[in-house]
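The values are calculated or read from the model by the stated rules, or taken from the named source; none is laboratory data. Keep in mind it's a predicted model, so treat the numbers as computed, not measured. Using ideal geometry, Cβ is built from the backbone for each residue, glycine included, and neighbour counts are taken over all protein chains shown. Protein only, heavy atoms only, side chains kept; ligands, DNA and RNA dropped before computing areas. Shrake-Rupley method; radii C 1.70, N 1.55, O 1.52, S 1.80 Å.
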Amino acid sequence: KTQITALISKEIILTKEDILPFVEELEFALLESDVSLEASEKIKKELLSNLVGTKVKKDNIQEEIREKVKEILKEILMQIQPFDFEKKIEERIKQGKKPVKVLFVGTNGVGKTTTIAKLAYLLKNKHFPVVIAAGDTFRAAAIEQLQEHAKRLGVALIKGKYGADPAAVAYDAIKFAEKKGYYVVLIDSAGRQETNLNLMRELEKIARVNKPDFVIFVGEALAGHALME
């Protein structure tokens, strides 16, 4: 009776054997895209756990599985708690921990400087006095770009010369903020790859000298596991 029902039914119940090839193919694709092994295995386990025993239409098995994979991946990602930047800043200020120091890091050309301008605008509208530290003393026109943003936004900017020590520029901005009563210091830094040891040591120095309250990585979705590195 069960076999007859299976033959005439428009749906089938997925078994591990049905979906394992698809899930393994997805796992390889994740690893090739620089998703960590730990994350890839977790996704594989979640997919097997959620897909085995579910009903799908016989004539559209691949598409049904894909849709369920999308749902499960979305559920996994939604478990990650968002970082409320504005709330974190407010909490620090209410605790009297001023100025709040925020260091921005990331690879070349991902939009750190533009992000700093956007967040400076957000904080200014919340009536939090902001000073920007032009810590990218390497890239051509980086200081001028921040200077133009600061001018348009009407916020303070502390800068040095190209080739100057970015840790010192950040330090000067923090001291300026303490003296003038600014609430937040946004520290720019030169773009760099995690494989460039000299630039990474420079970044370590900026953090060591200035002890930022928050370090924000500005990146792109294609960064993969390198983002964590």
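A few notes on this one:
- Close pairs from the range 185-208: first within 23 Å of VAL100 (Cβ to Cβ), partner open to solvent by 30 Å² or more (accessible area, probe 1.4 Å) and part of a strand (DSSP E or B), Cβ under 7 Å, at least 6 apart: VAL185/LYS101; ILE187/LYS101; ALA207/VAL215
- Any hit, the range 10-22, residues being in contact with a strand residue (DSSP E or B) (Cβ under 7 Å, 6 or more places away or on another chain) and exposed (fewer than 12 other Cβ atoms within 10 Å of the Cβ): yes
- In the condition set (1) over 19 Å from LYS118 (Cβ atoms); (2) open to solvent by less than 90 Å² (accessible area, probe 1.4 Å), LEU186 is compliant with all but (1).
- Matching residues in the range 130-143 - criterion: being open to solvent by 80 Å² or more (accessible area, probe 1.4 Å) and at pLDDT 95 or above: none
- Within the range 56-79, residues that are without any contact (Cβ under 8 Å) to a residue 60 or more places away in the chain reach partners that are among the aromatic types (Phe, Trp, Tyr) and surrounded by 14 or more Cβ atoms within 10 Å (Cβ to Cβ) with beta carbons closer than 9 Å, at six or more positions or on different chains, in the pairs GLN62/PHE22; ILE65/PHE22; ARG66/PHE22; VAL69/PHE22.
- Flag not set for VAL169, criterion: open to solvent by 60 Å² or more (accessible area, probe 1.4 Å), of a type in the set (A, V, I, L, M, F, W, C) and within 24 Å of LYS118 (Cα to Cα).
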